[in-house]
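Bear in mind that the values in this text are calculations on the coordinates, not laboratory data. This is a predicted model, so every value here is computed, not measured. Neighbour counts are summed over all protein chains in view; Cβ atoms, including those assigned to glycine, are modelled from backbone coordinates with ideal geometry.
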């Protein structure tokens, strides 16, 4: 009996074989790299349990009664097909699989599956650029923007935003219902969810023959997720990554450039067009706004260190437009105005702060700020 490893051990395609019971009998190194499972983790496992294969539309495909084995038994020609297969990390990858029936003299295996690399097959997936900082904007790979009457419905955009932030993790219907329709009974909420899913699929892919054939919004086992979510570009990720990188940068001029690039992504508060109707937005909104204000303060300090006072002033003023109660920024601004001989502007900054603290927080300014104010006023 000839070993299957002799034929497929070093092929560039991912390759694994199964026996008549659907148990994996061979697993080459290329498929380890592609799907993450080691040979020890894969061999002797049922392939449908390990990989949980789905069609590109998200419908279940792999099962104990294997469609491929059934086709071979019925004498139906086997063609290659696209499948979503579960990676070891829990995400799904889209790949192209072909199958070779084996003669009896090769091992105990009956089939070998060959899997094309993720790099080759990912070209069939069109990633999105998703902008969550400010009003939600989604653009396709060709640069066109997702739009239209169905997209303009608040719940359609809310569902897209919520799934985008899960980054491919499947979300149960119940969790979505709780997030988007917490006050409705189950039947009414389910009706709204089905309608919203339809609207979102049609918005993302207007030319779909059937909404259920969507390549992007997938449904399985009572859960929804965005396909190949790791391929999508998220402004939130780029913004936070940029800020972290700027904070690690030792050279002040380089840090300034990185900060400016990251801060330019902040078009406004996170999903501010959904805030009034979706409480789940607020926590993320507050967190990202804090990162934004802190990054602005860092940038202003770099400008000060570089002797660029006017640029620093503009940044501190930008901070106060977002949060007029930022005392530290007020003191920095007062000090810079005083340094440039603009004493009246410094006093006005402090007076606006006092009014803002009283109106917004019902408190008075700190002793440190008051001492600076008195010093400037009496100079």
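Here are the numbers for this structure:
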quantity: Compactness of region 129-231 as Cα Rg over 2.2 N^0.38 Å, two decimals; calculated: 1.02
quantity: Fewest-first sequence of 65, 313 by Cβ atoms within 10 Å of each Cβ; calculated: 65, 313
quantity: Likely footprinting exposure, 191, 87, fewest C-beta neighbours within 10 Å first; calculated: 191, 87
quantity: Rounded, prolate or oblate (a/c below 1.5 giving rounded, otherwise prolate when a/b exceeds b/c) for region 235-379 by Cα gyration tensor; calculated: oblate
quantity: Sites residue 318 and residue 220 - FRET efficiency at Förster radius 35 Å, r taken between beta-carbons, to 0.05; calculated: 0.20
quantity: Relative contact order for region 235-319, counting Cα pairs under 8 Å that sit 6 or more residues apart, in percent; calculated: 25 percent
quantity: Rounded FRET efficiency, nearest 0.05, which uses the C-beta distance separating residue 198 from residue 352 and R0 of 56 Å; calculated: 0.65
quantity: Rg over Rh [alpha-carbon atoms, Kirkwood Rh] for the chain; calculated: 1.14
quantity: On Cα atoms only, tilt of 280-305 relative to the major axis of the chain in degrees; calculated: 60 degrees
quantity: Per-residue [θ]222 nm for the chain (sum of -39500 (n - 2.57) over DSSP H runs n ≥ 4, rounded to 500); calculated: -14000 deg cm²/dmol
quantity: Taking the chain and dividing mean pair separation by its residue count, relative contact order in percent (alpha carbons under 8 Å, at least six apart); calculated: 11 percent
quantity: Separation between Cα centres of region 50-97 and region 218-248, rounded to whole Å; calculated: 26 Å
quantity: Peptide ranges 76-83, 242-249 listed from the most packed, as the mean C-beta count within 10 angstrom indicates; calculated: 242-249, 76-83
quantity: Extension gain (nm, one decimal) between residue 237 and residue 207, 0.36 nm per residue minus Cα-Cα; calculated: 7.8 nm
quantity: Modelled FRET efficiency - R0 35 Å, residue 249 with residue 88, Cβ distances, 0.05 increments; calculated: 0.50
quantity: Neighbour-count ranking [beta-carbon atoms within 10 angstrom, fewest first] of 17, 212; calculated: 212, 17
